[in-house]
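Heads up, the thing below is written out as structure tokens.
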Amino acid sequence: MRRFHHLAAAAVVCFLTGLAGSAIAAEMNVDGMIKYRQNVMRSLGGHAGAVDRILRGHVPQHAEQLELHARALREVAETILTLFPKDTIPPEAVFAGATVETDALESILEKPDKFEMAGKDTQEAAQNFLKAVEGEDKKAIAEAFDKLGKSCKGCHDDFRKEKK
Ligand code: HEC
């Protein structure tokens, strides 16, 4: 019986923390969201950089990790379009109280269709790259990786502040 009470209490606690969790999720921290986006973007850059080293043959002892990086790129690319809530894009970000720097451009809000297409391009390119890696044809892998890189650049050219 005592055991049952413990379980019941645990269930109540789980339920309540679950609720608190959703309340937290509902209120976005604008600075946190911008930082989160930049971290996720850097993770794409990290995996792409690792793939580049493997394809150049610099790290033969890690060649088997190619698929891991391709899979990560595909999975993360799927989330790109969730990373740009309106309140985190200038000028809205300022009104929403953002204090951290963002390289996201106003053009994201001005050309939402084009932005969405750029995101989908990368998603598709990442999917195709993973398929090529699974196919093990070196030329196809190199081509698919090149296309993936171009798709990232395509979005950055139009929607990210130019690096000084
Ligand atoms: C749909 C548009 C879009 C796509 C596609 C995209 N990016 Fe980005 N990326 C951005 C924007 C906008 C920023 C600036 C984010 C900010 O500063 O808030 C950015 C920032 C970055 C950064 C810098 C992060 C930092 O602040 O340190 C890296 C690295 C990056 N992207 C890598 C990639 C890679 C690699 C790909 C492709 C696999 C990719 N991105 C695809 C829009 C995109």
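Only the coordinates and a few stated rules stand behind these numbers; no lab work does. These numbers come from a predicted model, not from an experiment. Here Cβ is always computed from backbone atoms with ideal geometry, including for glycine, and neighbour counts include all displayed protein chains.
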Practice task
Taking the Cβ of each residue in THR82, THR122 as the centre, tally the other Cβ atoms inside 10 Å and list the residues starting with the fewest.
Solution key: THR82, THR122
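Set the Förster radius R0 to 22 Å, insert the Cβ-Cβ distance between LYS163 and LYS35 as r into 1/(1 + (r/R0)^6), and round the FRET efficiency to 0.05.
0.75
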Problem - Net charge contributed by nearby residues that have their C-beta within less than 13 Å of PRO91 (K/R +1, D/E -1) - result: -3
Completion exercise
Note: ASP87 to MET28 extended length (0.36 nm per residue) minus current alpha-carbon separation gives 20.3 nm
Problem - Charge sum, other residues only, whose C-beta stays under 14 Å from VAL59's C-beta, Lys/Arg counted +1 and Asp/Glu -1 - result: 0
Practice task
Report the label-to-label distance for THR79 and LYS114 in nanometres (one decimal), using points 7 Å from each Cα along the Cα→Cβ vector.
Solution key: 2.8
Exercise for the section: Note the direction-averaged projected area, equal to a quarter of the hull surface, for the Cα convex hull of region 123-164, in nm². Expected result: 3.2
Exercise for the section: Determine, for each peptide in 28-34, 63-69, the mean count of other beta carbons within 10 angstrom over its residues, then list the peptides with the highest first. Expected result: 28-34, 63-69
Exercise for the section: Would you mind counting up the charge near LEU81? Only other residues with Cβ under 10 Å from its Cβ, with Lys and Arg at +1 and Asp and Glu at -1. Expected result: -1
Handout entry: For region 22-159: relative contact order, % (alpha-carbon pairs under 8 angstrom, 6 or more apart)
Key = 25
